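Student: My structure is below; once you've seen it, I'll send some questions.
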Amino acid sequence: MSTSINLAGNGGSPSVFVRLRALFPAHPEWWAWAFSMLAWMWLVVNLFSSPGQAGHPGSVTFCTSAGAILKTGLPAYAILGISKWQFILSSVPAAISNGWLPWMVMVIAMMFPLLNEPVTHVAFSVKKKDRTPGILTFLLAYTFVWTSAGMLFLLLPLFVDTILAGQTNFVNSLVMASGLLLSAALIWHPGRPIRLTKCSLTIPINIGGWQLYRDSFWYGLKMGLACLSMCWPPMAALSLTHHNLILMAAVSIVIVYERYLLPHTSKLAGYAWLIIAGILFSIQMV
Amino acid sequence: MNQRKNVYQLPAGDTTLEWYGKAVMAMKKRPTKDPTSWNYQAAIHGFNSTLPFWQGVGKTPGRTEKNEFWNQCQHGSWFFLPWHRMYLAYFEQIVAQTIVSLGGPAGWALPFWNYSDSTNPHALTMPPAFTKPGNAANGLWMDGRESNSIDPRYVTLGALDTIPFTGDGRTSPLGFGGPETTFSHSGRTHGELESLPHDMVHVAIGGAMGDPRTAALDPIFWLHHANIDRLWQVWLNKGNNRENPTESAWLDLEFDFHDKTGAKAQMKAANVLDTRNVLSGYTYQGVAPAAPALAPVNLLQRPDFSTPLEIVAATNKQLSLSSARTTVQLKLSPAQRKKENFAAVTAALATPPKTFLHFENITGKGIPPIHDVYLNAPDGGKGRESYYAGSLSFFGVEEASTPSLHQSGSGQHYCLDVTSLMNKLRSLPNWNEQQLDISIDPIRPMAKGTSVKIGRISLYTE
C-alpha cells in the first residue's frame, strides 16, 4: 500500500518542505499561473528597458500613423508620400513579425490565470508522469489559437490609426475607449453567459500514448476558441490602446475576478468596463 | 424558532401536512409570474418549457428575470448544500405566510422525510399523505411518480463517514459536500451526500422528481431536501475534522431569491452556516443545533485529505448503455509506486488505500433508470450482491448534456468510493492485478427515447 503524506500532525508536525511537497502536486494550475507571472515580468522588464514605449515592445508607436503624428505632426503615410491603403498593406508584414511574440506573451500573461479548471482537468486525467507533458500540450494548443487570432488583433490598430489619422482628439479618444465600451455592451448580450459556461467545458482525455497528446491538444484548441469568443472584446480594446501595461493589468483583474468570483450571469464586469473606458477617455482628452 | 420535524413522528392530530397541502393548492393558483407561486418556486430549481410537467404553465417572466432567478439550483458543486438550504428557507417562509393567509396557524415549518431511519418500518415509503388520495384534490399528490417507495440500498448514509467537505475524487478524495466550483447549475462530480442518497431518491421516485428541471414541482421534493439539509448538520455534529469550507469563494458568492413578499433577496453560504440564523431560524428534531467551527485553515495546515490521487486505469472509448447489462474490462496499469495498492493480499487490509471509480462526461437523453455497478461479479446468482460497488442515478443527465445558460454541456461525473470492495476483491483467489471487470446493470429497461453515454471510466487511488 502506498504511504500518503500525513499532514494531520499525528506524531509531530511535518516540516514546511514536506507540506509543500504534498501541496504542489495538488495544484497543477499553478503551472499556468507561473507562466503568467513570468510573462508579466517579461512585459514589465521590457517596458522599463524601452521607456519610449506606451506599452510593451511591439506596440511600435512611432511606426503607426498616430505615433508619427505625435512626433512630426504628419501621419506616417503622408511622410512617406503614399496612400493610406498602400501604407496599411506595406505595414502588415512588419506589424505581424514585430508583434506576434509580444502578443503571445500578453496572452500568456493575461489568459493563463483563467485556466485553473482545464489545466486541473488535464493534469488529473492522466498519470502523474504524464501531467507535465499533458499540461504543456494543452497550453500550447490554447496559445496557438490566441496567437493565430492575434494576427487580426495586431492589424486592428494599424488599420484604425491609419484611417483615423488626423482626426480630432475627441474622436481618437473615443476610438481608444470604444473597445472597452463594446466589452461593456456585450456583457448584456443574452448569449454571453452561455459562452461563459464553455469555459468550464471538459472532455475525456486518453490516459496515455500519443492519444494523450492528441486529446490534450484538441482540448486546448477547444478551450482557446471558447476563451477567444469570450475575451476578444477587451483584447481588441487593448490593441486599440497599443497595449498599455496599466490597462492590461486592469483588464486582467476584471476578467480574473469575473471568472472566479462572480456568478456567470453577473453584469458587474460590464460596469467595470464602463468605468475603465471613462477613465481612459478622460485621460486621452486631457 | 421553528423546529422541522420528522414527518413520520408528527403527533396524532398534527396539521402540518394538511396545511402544507392547502398552501400548495393556493400557491398553484397564483400566476407563474408571481415569485410566491408554486410554479415560480419550482422553476427557481429548474425549468424547461418543453417538458410535459411544465405544460400549461401560462405566462412566464421575461428573459432577464428568468436568467437571474430560474434554473439556479447548484449541483455537482460545493454550493449544493448551502444553495438548497437558502432555497428551502425562502420556500418555507412563503408557504408559512400562505398558510397564515388561509387562516392557518403561524410558525409552519417544513417536515423532513428520513427514509434512512432503520427504526421506522415505513421509512422507505413515501408518507401516505402524499399518495392518498391519488388525485388532484390532494395538494400533496403528484401525477407521474414511478414509485412511492425506495430500495434500501439507495438511502444508505456512508456519506456521513466522509471527512472532507470538498473534493472531487481526483484532486482529493471525494468530499461530503461536493467539489470546489464556481456557479454550477449542473455538470461536475456529485459529492458523497448528493450522490447518495440525494440523487437516488430523486430518480427512484421518478416522474417530475427524476429531473432537476421539474423536481421541485413535486411536493415531496421539499421534504426530501429538508432531510438532506438535516444530514448536513448531522455530519457536522459527528465532528472529527468535519468542517465547512472557509474560503471566501464558498462563503461569499451571493445567490438570488425572492422572499415571502415577492421582493428580491440575496443570500450566501456565510448566512446559512447555523440553521438558527437562517431567516427566522430553525432546528431539526433529534439533531442538536450547533454553530459550525469556522477556524481559518491555512493551506499548509490542512489534513492529509488534500493529497491528490493518481489515475491507474481508464477506458479510451465512449460507452453507450442499453437496457441490457454492459460490461467493461479496465486494464490496470498503475505506476510502480502504486502497484502495491493492487497486489493480491491474503486478508483484507485494516486501512486499505482509498480508491475511486469515476464515470466521466456522462451525456444522455430523457430520464434513464438507475444503473447498479458491480466489480468482478459473477454473471448471476445471489453472490453477485457482494460485488456491488454503487449506483449511478443520472439525475439531470439530459440538462447536463445540453449547452445552455447554466452549463457547458460536458455531461455529468459520478464517483464511487470502491475502497472497501477493492480491499475485499484483492483478498479473493481469483483477483487479477491487471484487470478489473466492471458491469453496469439497469434496474429496469431504458424507456424509448432515453440514452446514456459514458465518456470515460477511470480508476483513481491514493
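What follows draws every value from the coordinates through simple rules; no lab data is involved. Every value quoted in this text rests on a predicted model; they were computed, and no experiment measured them. Positions of Cβ are generated from backbone atoms using ideal geometry, with glycine treated the same way; all protein chains shown enter the neighbour counts.
Student: Ranked from highest to lowest mean number of other Cβ atoms within 10 Å per residue, what is the order of the peptides B:237-248, B:362-373, B:108-119, B:273-284?
Tutor: In descending order of packing, they fall as B:362-373, B:108-119, B:273-284, B:237-248.
Student: I would also like to ask the following. Would you work out which of B:ASN423, A:LEU238, B:TYR115 lies farthest towards the positive end of the dipole of the protein assembly as shown, given +1 charges on the beta-carbon of Lys and Arg and -1 on that of Asp and Glu, about the Cα centre?
Tutor: Checking the options against the dipole of the protein assembly as shown, the answer is A:LEU238.
Student: Still on this structure, please answer the following. Using the 10 angstrom Cβ neighbour count as an exposure proxy, how do B:TYR20, A:TYR213, A:TYR260 rank, fewest first?
Tutor: A:TYR260, A:TYR213, B:TYR20
Student: Separate question: How large are Rg and Dmax for chain B when calculated on the C-alpha trace, in angstrom?
Tutor: Cα radius of gyration and Dmax of chain B are 22.0, 71 Å respectively.
Student: How shielded is A:263-275 by partner chains, expressed as the average number of their Cβ atoms within 10 Å of its Cβ atoms?
Tutor: The mean count of partner-chain Cβ atoms within 10 Å per residue comes to 2.
Student: Next up: Is any helix in chain B, taking whole DSSP H runs, at least 15 angstrom long along its axis by alpha carbon and on average at least -1.0 on the Kyte-Doolittle scale, and which ones? Intermediate values should be presented prior to the final figure.
Tutor: Values: long enough: B:16-29 (20 Å, -0.22); B:80-101 (32 Å, 0.51); B:220-237 (26 Å, 0.09).
Qualifying helices, which must be both long enough and hydrophobic enough, are B:16-29, B:80-101, B:220-237.
Student: Report the net charge of residues surrounding B:ALA215, where surrounding means a beta-carbon distance below 12 angstrom and charges are Lys +1, Arg +1, Asp -1, Glu -1. Walk me through the intermediate numbers first.
Tutor: On the way: positive: B:ARG145, B:ARG213; negative: B:ASP199, B:ASP211, B:ASP218, B:GLU399.
Taking every other residue near B:ALA215 into account, the sum is -2.
Student: Still on this model: I need the fraction of alpha carbon pairs in the stretch B:310-461 separated by more than 21 Å, rounded to a whole percent.
Tutor: 45 percent
Student: Report the calculated FRET efficiency for B:THR50 and A:ILE283 (r = Cβ-Cβ distance, R0 = 45 Å), to the nearest 0.05. Let's see the in-between values first.
Tutor: On the way: r = 51 Å, r/R0 = 1.13.
Result of the calculation: an efficiency of 0.35.
Student: Using only the Cα atoms of the stretch A:142-244, each taken as one equal point scatterer with no solvent, compute I(q) by the Debye sum, divide by I(0), and report log10 of the ratio at q = 0.14, 0.23 Å⁻¹.
Tutor: Evaluating at q = 0.14, 0.23 Å⁻¹ gives log10 I(q)/I(0) of -0.66, -1.18.
Student: Hey, could you pull the Cα Rg and Dmax for the protein assembly as shown, both in Å?
Tutor: 28.6, 99
Student: Further question on the same structure: How would you classify the stretch B:112-222 from its alpha-carbon gyration tensor, with a ≥ b ≥ c the square roots of the eigenvalues: rounded for a/c under 1.5, else prolate if a/b is greater than b/c, otherwise oblate?
Tutor: Cα axes put the stretch B:112-222 in the oblate bin.
Student: Based on the Cα coordinates of the stretch A:28-285, what is the per residue volume of their convex hull in Å³?
Tutor: So the per-residue Cα hull volume is 123 Å³.
Student: Could you grab the relative contact order for chain B? Cα pairs under 8 Å, six or more apart, rounded to a whole percent.
Tutor: 18 percent
Student: Apply the Debye scattering formula to the stretch B:185-288, with a single equal point scatterer on each alpha-carbon and no solvent, then give log10 I(q)/I(0) at q = 0.10, 0.21 Å⁻¹.
Tutor: Here log10 of I(q) over I(0) equals -0.35, -1.51.
Student: Provide the three semi-axes, in whole Å and in decreasing order, of the ellipsoid equivalent to the stretch B:4-60 as defined by the square roots of 5 times the Cα gyration tensor eigenvalues. Show your work: numbers first, answer last.
Tutor: Values: eigenvalues 159, 30, 18 Å².
Output for the stretch B:4-60: semi-axes of 28, 12, 9 Å.
Student: May I pose another question? Give me B:HIS190, A:HIS27 ranked fewest to most by other Cβ atoms within 10 Å of their Cβ, as a rough exposure proxy.
Tutor: By the 10 Å Cβ count, ascending: A:HIS27, B:HIS190.
Student: Among residues other than B:LYS264 whose Cβ falls under 15 Å from its Cβ, what is the net charge (Lys/Arg +1, Asp/Glu -1)?
Tutor: Details: positive: A:LYS267, B:LYS33, B:LYS66, B:LYS260, B:LYS268; negative: B:ASP34, B:GLU65, B:GLU68, B:GLU254, B:ASP256, B:ASP259.
Its environment carries a net charge of -1.
Student: A follow-up question, please. Give me the one-decimal nm value for the distance between modelled label points at B:VAL328 and B:ASP161, 7 Å along each residue's Cα-to-Cβ direction.
Tutor: 2.4 nm
Student: By counting other Cβ atoms within 10 Å of each Cβ, how are B:TYR388, A:TYR219 ranked from fewest to most?
Tutor: B:TYR388, A:TYR219
Student: Another one. What does the charge add up to near B:LEU110, with Lys and Arg as +1, Asp and Glu as -1, over the other residues with Cβ less than 13 Å from its Cβ?
Tutor: +2
Student: Same structure, new question: Among the listed pairs B:LYS317/B:LYS339; B:LYS29/B:LYS260; B:LYS28/B:LYS365; A:LYS222/B:LYS331; A:LYS128/B:LYS338, give every one whose C-alpha distance is greater than 22 Å.
Tutor: B:LYS317/B:LYS339; B:LYS28/B:LYS365; A:LYS222/B:LYS331
Student: Now for a separate question. Out of A:LEU164, B:PRO403, A:VAL119, whose Cα points farthest toward the positive end of the dipole of the protein assembly as shown (charges: +1 Lys, Arg; -1 Asp, Glu; placed on Cβ)?
Tutor: Value computed over the given set: A:LEU164.
Student: Okay, moving on. Just how large is the dipole of chain B about the Cα centre, in debye to the nearest 20, putting +1 at every Lys and Arg Cβ and -1 at every Asp and Glu Cβ?
Tutor: 580 debye
Student: Enter the mean number of other protein chain beta carbons within 10 Å of the beta carbon of each residue in A:122-130, as an integer.
Tutor: Counting other chains' Cβ atoms within 10 Å and averaging over A:122-130 gives 5.
Student: Let me ask another. Can you spot the aspartates and glutamates whose alpha carbon is less than 12 Å from A:LYS127's alpha carbon? Ignore those fewer than 8 places along the same chain.
Tutor: B:GLU310
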